[in-house]
Structures are given as C-alpha cells and as structure tokens.
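Right, one structure below, let's go through it.
The values are calculated or read from the model by the stated rules, or taken from the named source; none is laboratory data. Not measured: the values here are computed from a predicted model. Virtual Cβ from ideal backbone geometry, glycine too; neighbours counted across all protein chains shown. Side chains are part of the model used for accessible areas, which takes the heavy atoms of the whole protein and leaves out ligands, DNA and RNA. Shrake-Rupley method; radii C 1.70, N 1.55, O 1.52, S 1.80 Å.
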Amino acid sequence: MTVLEVRNLQKSFGSIKAVKDISFSVHAGEVFTIIGPNGAGKTTTLEMIEGLVSPDNGVIHFGDLDWNKHAVSIKKKIGVQPQSSAMFDLLTPEENLNLFASFYDDARPTEEILEIVSLTEHRKNHVKKLSGGQRQRLAIGLALISDPQIIFLDEPTTGLDPQARRNIWDIILHLKELGKTTILTTHYMEEAEKLSDRVCIVDQGNVITLDTPSALIEKLTDEREIRMSFLDGEKAAEDADRFSKELESVSKTEREGAALKIWASKPEETLLDLFKFTKENSYGVEQVSIREMSLEDVFIAFTGKEWRD
Amino acid sequence: MCLLHLRAKNGGINIKFNQFKMMFLAQLKLTLREKQAWFWGIFFPVILMVIFMVIFSGNSDEEFKTEVAIVDPSPNPASEMMLSQISGLPVFEVKSGKPVTRDKAEEWVKEQEVDAAIILPETAEESSVFLVVNKENEQGAAAQAVSGILDKFVQQANLLAAGASPKYDLQYESITSGTNELDYTDFLLTGMIALSIAQGGMFGMVDLVEMRRKGLIKRLRMTPANMGIFGLSDMAMRLLFSIVQIVLLSLIGVLVFGANLYINPFTLIIIFLIGALSFNALGYFFSSFSKTTEAYMGVANICSFLMMFLSGVFFPIETMPEWIQPISAVLPLTYFADGLRESMVYEAGIATASLWAGIAVMVIWGAVTFLLGSVLYKRKAIAADR
Ligand SMILES: Nc1ncnc2c1ncn2[C@@H]1O[C@H](COP(=O)(O)OP(=O)(O)OP(=O)(O)O)[C@@H](O)[C@H]1O
Ligand SMILES: [Mg+2]
C-alpha cells in the first residue's frame, strides 16, 4: 500500500534549482532512504512533503489527503525530525515532550517516548546540557510523540560517533517493527544499506536511481574484484597473472609488485582455479579477498563522480 | 447525536485550553531560567532607580528647578512680600530676575520659555494668586510641580498674613489642578516603571528572533499547534512579567524611598495594558526584520536609549532644550510615563482628555508597528528561512 506519493517535484530559490524533478512513492511499513551529497536537495524535498515549503510544481499525496485541503489531518499523521533539531534548550526533555504532546488530541505518554529514545535517565536535565546524540534522540522523540504513521528523519545520524549512530539505528529498526513508515535522509551509504528497504539516490535535484539496496548493487554489474597477494614475491604474482588471463571468466587484471587484482564474472570459480594453481606451484598466498560492491559504487557508476561523505 | 456533537466541541476547547496552559507554563519556565531576562527585566531597572533616587532625591526641592515669570501688576505690600519669598524659593528661577508685564509673561508661557507665570494680587485685599501655564503642558510635570509648590507656599503666606482667616488661595488659569503634589521620588518611580515595561516589550521579543534562528518557529509549524494560542500565551507571560516589575518597583519606591502613590486602579490597568501591548508590538516589529539577535539588540538598544532620555523618564520634558521637545511629543514612552503618573500619583480618572490623547498615541504606535511586523513576517514566510 502506498502511503505517500510524490510526483515531479520542483523547487527553485532564486536562480538555484534546488529540486529539479523528483518522484517516488513510499509503501506502508518500509524504511525509505533518500541519499545524496550536500546540496542534493534532500532537505528541500522533505520540507515540501512536510508542508513547510510550497513546491513550484508537482504533486504530493498522503493516501487521499493533500496539503491544500487536509493540512491539519496530515500534520496529525506525520512526525518530523528536521535537520536542525529545533527544541527548547532551557526546558528538559520531559518538558519538551509534554509541551509537544499538548498539540495533539491523542499523544503517547511521555515516559513511553523517553523509553524508546533511551532518555529516561536524562529526562530532567536541560536540553542545553545534552550531548549531540542525546539531543538527536530527543528530536526523534519529539517526532514520535503524536504516534504518527509516517516519520520523517532528516539526517538523524550526521555528526554522531559510531556508538551514538548505532543507537539511532536501533530506534529506526524498532519503529519498523512497530509497523511505522520511515523516510530517512543520510550521507552514509553504509547506513542506507543497513536500514533501508528501498534507497533513492538523488544528486543535483534529480533522482538518480531507486530500488532495494541489493537490487541496486546487482544491477550495477555481475563482475567482482578479487585481490590477492603472494608471499613469494613478484615472480609468483607474475605467474598467477599470466595464469588468470587464460581463464574464461576473467576480463581484466592489474598487478603491482606482489599484489594482484583480478576482475571476474564468476568469482567463486576463478578463486578455485587460482588456488589450484598456487597449490600446484606451491606459492604461498598472503592475503585474498573479494571486494564487495556497495552503494558507493552505484553512486559512482551512475554519476561518474567520486562519493564524498 | 446532539450530545455527541457537544462533547466533540468541548473536547476542542479543552485541547485549546490545555495547549494554552502548557505553552504558558513553558514560557514561564523559559523566562525563569533565562538569566538575561532577570537581569534586564528586574535587576537592572531596580538598580537604575535606586541610583537615580539616591543621587537626585535627597533634597528633591532643590534639584527640581523650574523657570517662572512673575507679574506684579500693581505693587502693594502683600505682593511685595510674596515676590521676595517666591524669589527666595530655590525651586523657582525667576526669568530676568524681576517682575515683568502680564503680556510679556504670557508671551513667554506661550513660547514655552517659562513653565508658568505667577500673577501676584493687585491689592492687599485681593486674595488670589493666578498661575498661567501653557495649555499644552498643563498636565506636564513642571506645571504640576509649580502648582504644588505654590499651593504650599500660599498656605504659608496665609499664615504669615497675620489675619487668622485664610487670605490667599491659589487660582489656576487654564489648568486643572492635580490633587496631589509630585515629588521627584514619585516622578522617577513612575518613570522607571514605564521604562522597564517599555524595555521589556522592546527587548523581550528577541526570543522570537532566537526561536526563528534555531528553527523552532518552523518546528512548531510542523505540528498542529495553534500559533495564535502560542502568541497569546507569550503575551500573557509578558504581561505577568510586567506586573511583577510594577509591583516590585512600587514596593521599593514606597518602602525604601517614601514615594507617595495614589492609584486609580481602573486607569492604571487601561494605561498598563495599552502601554505594554504597544511596546510589545514595537518589539515584534523589530523582530520581523532582524535576522540575528545582535541586529535585533542593536535596534532595540538605540530605540530604548533614545526614549529613555527623550521621554521624561528621569527628568521632566520641560527641562529639556526646546528643540528636543517636539521629538518627545511623538514618542510613545512619553505618554506611557505620563499615563502612569496620572494613574499612580494623581489618581486621575480615565476621562481626562490628555490621557486619551496619550492612549491614542500609544495605540497608533502599537497598531502600526504590529501591522508592519505582520506584513514583514508574511512576506518572509514565503521564502522559508532556515
Ligand atoms: N531557503 C533557501 N534559500 C536559498 N537557497 C536554498 C534554500 N534552501 C535550500 N537552498 C539551496 O538548495 C540546494 C539544496 O539544498 P538542500 O538543503 O535541500 O540540500 P540537502 O540535500 O539537504 O543538503 P545537505 O546534505 O547539506 O543537508 C542547495 O544548493 C541550497 O543552497
Ligand atoms: Mg539537508
């Protein structure tokens, strides 16, 4: 079931075309990730969907609700954690949550939210004194207070250490278990791969590609890069290089000293052949690996640009 | 069916009330926890008032000088005696040092070169001393002060005039007499109250700039929160803070410095509400075009500084150079301070023409700045600020 549909969104700020043409639809219960470099138009897209910025063009539907006619109903249905996690610094997490709860007819109990975002312990400290990760968790908590069906998280993990990031991942996975729909933006490919059901890669205001992470990677190519290095130095690498060039599934090789790179379409078979060869010649293998393709490669393949976090 | 409908409606009102309550409580906590608010709203006005009172009100009569003209139409023993005594009063500075003709004196009053002309009795039998003041200033502090002092003086003159029956009484020309005399302490106290409420309004709206900068306004707009209720709770909080200011400053003024207050509560409430609202509107206007807190504070500082000295907070406007006085006449603080004096010291009823004129000036300031601010906010809301 589609809970949100976005078609041909466009938005310019003066001469800057922040969003050129973005369309997608989000299914109930999935984690939908929008990933892209700085200035790609992620926040602008979300803000149009959240009703903060009016699009120059395009349509936004929440099921059969749209902003022109059902603004209040939509506001009750969605929970938002904006990129600049805005909250009252001189109030405590508990007070912030209670205040936001008063905006809704049927908010969830504050204690429950504090529990979900693991802030029970800090509920009486001023927000000013919270750490970045705690603050971010409170921002997510504020988005959850109305028990929304659809949750928007704009870069919830940017600037956090690995531990804090993992905390937030747990929250997102927990929301998924509860059957919520989450729309997430991030800079981290790893995060997108790990959390999302589907990933939408955007760059310069356009959707580059959209699919499940594994489908995207598979779509990319069926070749894998095998790396191998030898204990017996250049001689062994040279021999192995010559040998692998003969193999059918190998398209290309590269050698640097005792290290060898081999691109093969059937990496398992190629590896077997290679090990047979090294055993026959009694060459010692120091290291061997098959490099995993990642979303990063997808990005590079589609844009021809280097990926920067 | 009907019942159900009613319940739903009730629910709506309950939610709104709950929202108001929660927002008000949040504002209250924010204010209590904001050290700046305490310093500028409470501590600073108190210190400023104490300093001024200690410096200037020790011997208030001497410090308060006002320039008068004296007319002695036909010198007689009684008028001679009064003349010498009035000239001896340190508060009065007699222009040109000696009596002048009535025409000359009235001209000076008209030109506002003197605050009042004192016309001495023409014969020893006549029992009236006339006081001529400029109509524009008849409610002014100087006119009030002159009449207050003369009133006292005439009583003394009566005693001196040997006869047991009171002989002289003060008559006013074109002034309505204040029933109570204005002491510098009272003057400063009411001025300080006006100033601190005005500053509360002009500086307080910096919160709005800060909230916008942090994206909090945007954040609230993402929720179904009613922004009207938010504004209302904010206003209620500010009024409460101003009431604390009034009570605290009045208590210090009365208990420590012996100020005399004769309050007309109805007039006071009207003046207080209108003044507080219009200065908040002014702050709202500043916030609508200030991108940063620094920019806002700059504007608020300049305005508050100008008003502080041009609106008769510390010294009567009549004592300032003439060319400045027209500026004072358009500033809202002038009328707020005057209004508070009328209602807190003179116990004035609301029906006075000059009070209404003052209220009108404040309402105009409030309405115009509020409308301008709203327009600017609307226009900026289109290009979302971040
Ligand atoms: N209010 C605005 N006024 C002017 N330009 C804007 C505004 N908002 C966004 N932009 C511009 O639009 C483009 C897209 O910005 P956006 O914030 O949507 O990117 P983003 O993908 O969220 O980037 P980041 O990863 O850095 O958060 C940028 O070039 C930005 O400078
Ligand atoms: Mg962004």
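Pick from region A:14-23 the residues that are within 15 Å of ligand 1 (Cβ to nearest atom) and in contact (Cβ under 8 Å) with a residue 12 or more places away in the chain: which of them is nearest to A:Lys77 (Cα to Cα)?
A:Ile22
What tally of residues in region A:176-191 results from selecting those that are within 15 Å of ligand 2 (Cβ to nearest atom) and among the aliphatic types (A, V, I, L, M)?
2
Which of the numbered conditions does B:Phe187 fail, given that it passes all the others? Conditions: (1) buried (at least 22 other Cβ atoms within 10 Å of the Cβ); (2) out of contact with any Pro (no Cβ under 9 Å at 6 or more places or on another chain); (3) modelled with pLDDT under 90.
(2)
Answer yes if at least one residue in region B:258-267 is open to solvent by 60 Å² or more (accessible area, probe 1.4 Å), modelled with pLDDT of 90 or more and hydrophobic (A, V, I, L, M, F, W, C), and no otherwise.
Yes, region B:258-267 has at least one match.
Return yes or no: is B:Leu277 of a type outside the set (Asp, Glu), surrounded by fewer than 18 Cβ atoms within 10 Å (Cβ to Cβ) and within 25 Å of B:Phe39 (Cβ to Cβ)?
Judged against the criteria, B:Leu277 is not a match.
Is it true that some residue in region A:111-127 is without any contact (Cβ under 8 Å) to a residue 40 or more places away in the chain and within 12 Å of chain B (Cβ to nearest Cβ)?
Yes, region A:111-127 contains at least one residue that is without any contact (Cβ under 8 Å) to a residue 40 or more places away in the chain and within 12 Å of chain B (Cβ to nearest Cβ).
Tell me whether region A:44-56 contains one or more residues that are touching a residue at least 24 places away in the same chain (Cβ under 8 Å), more than 14 Å from ligand 1 (Cβ to nearest atom) and not hydrophobic (A, V, I, L, M, F, W, C).
Yes, region A:44-56 contains at least one residue that is touching a residue at least 24 places away in the same chain (Cβ under 8 Å), more than 14 Å from ligand 1 (Cβ to nearest atom) and not hydrophobic (A, V, I, L, M, F, W, C).
Of everything in region A:64-87, what is touching a helix residue (DSSP H, G or I) at 6+ places or on another chain (Cβ under 7 Å), more than 19 Å from A:Gln149 (Cα to Cα) and within 16 Å of ligand 2 (Cβ to nearest atom)? Give them in sequence order.
A:Gln83, A:Ser85, A:Ala86
Yes or no, residue by residue, for (1) buried (at least 22 other Cβ atoms within 10 Å of the Cβ); (2) of a type in the set (Val, Ile, Thr); (3) at the interface with another protein chain (Cβ under 9 Å from one of its Cβ atoms):
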site: A:Ser15; (1), (2), (3): no, no, no
site: A:Gly41; (1), (2), (3): yes, no, no
site: A:Asp56; (1), (2), (3): no, no, no
site: A:Gly63; (1), (2), (3): no, no, no
site: A:His70; (1), (2), (3): no, no, no
site: A:Pro82; (1), (2), (3): yes, no, yes
site: A:Ala86; (1), (2), (3): no, no, yes
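Going by the conditions given, is A:Leu52 out of contact with any Gly (no Cβ under 8 Å at 6 or more places or on another chain), within 16 Å of ligand 2 (Cβ to nearest atom), open to solvent by 10 Å² or more (accessible area, probe 1.4 Å) and assigned to a loop (DSSP other than H, G, I, E, B)?
Yes, satisfied.
Please give the number of the condition A:Met48 fails out of (1) within 30 Å of B:Lys35 (Cβ to Cβ); (2) within 11 Å of another protein chain (Cβ to nearest Cβ).
Every listed condition holds for A:Met48 apart from (1).
Scanning for something within 18 Å of B:Phe44 (Cβ to Cβ), assigned by TED's automatic domain parsing to the domain that holds B:Leu273 and at pLDDT 90 or above, does region B:221-237 turn up at least one residue?
Scanning region B:221-237 turns up no residue that is within 18 Å of B:Phe44 (Cβ to Cβ), assigned by TED's automatic domain parsing to the domain that holds B:Leu273 and at pLDDT 90 or above.
Scan region A:14-48 residue by residue and report those that are under 18 Å from A:Thr181 (Cα atoms), among the small types (Gly, Ala, Ser) and not in a strand (DSSP E or B).
A:Ala28, A:Gly29
Out of A:Gly29, A:Gly36, A:Gly41, report the one residue that is assigned by TED's automatic domain parsing to the domain that holds A:Asp147 and away from ligand 1 (no atom under 14 Å from the Cβ).
Just one listed residue meets the conditions, A:Gly29.
Answer with yes or no whether A:Gly14 is within 13 Å of ligand 2 (Cβ to nearest atom) and modelled with pLDDT under 95.
When the stated conditions are applied, A:Gly14 does not pass them.
To keep it simple, each residue is scored yes or no on (1) within 16 Å of ligand 1 (Cβ to nearest atom); (2) in contact with a Phe, Trp or Tyr (Cβ under 9 Å, 6 or more places away or on another chain); (3) more than 23 Å from A:Gly304 (Cβ to Cβ).
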residue	(1), (2), (3)
A:Ser214	no, no, no
A:Glu218	no, no, no
A:Glu246	no, no, yes
A:Ser251	no, yes, no
A:Glu256	no, no, yes
A:Lys261	no, no, no
A:Ala264	no, no, yes
A:Asp273	no, yes, yes
A:Thr278	no, yes, yes
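Give the number of residues within region A:135-146 that are assigned to a helix (DSSP H, G or I) and either under 14 Å from A:Ser84 (Cα atoms) or among the hydroxyl-bearing types (Ser, Thr, Tyr) (or both).
8
In region A:121-157, how many residues are more than 16 Å from ligand 2 (Cβ to nearest atom), over 17 Å from A:Phe100 (Cβ atoms) and of a type in the set (Ser, Thr, Tyr)?
Adding up the residues that qualify gives 1.
Take region A:172-199 and flag every residue that is more than 16 Å from ligand 1 (Cβ to nearest atom) and open to solvent by less than 10 Å² (accessible area, probe 1.4 Å).
Scanning region A:172-199 gives A:Ile172, A:Leu175, A:Thr181, A:Thr182, A:Leu195.
Tell me which residues, restricted to region B:215-233, are charged (D, E, K, R) and surrounded by fewer than 20 Cβ atoms within 10 Å (Cβ to Cβ).
Answer for region B:215-233, where residues must be charged (D, E, K, R) and surrounded by fewer than 20 Cβ atoms within 10 Å (Cβ to Cβ): just B:Arg221.
Of all residues in region A:192-215, count the ones that are within 16 Å of ligand 2 (Cβ to nearest atom) and touching a Pro at 6+ places or on another chain (Cβ under 8 Å).
2
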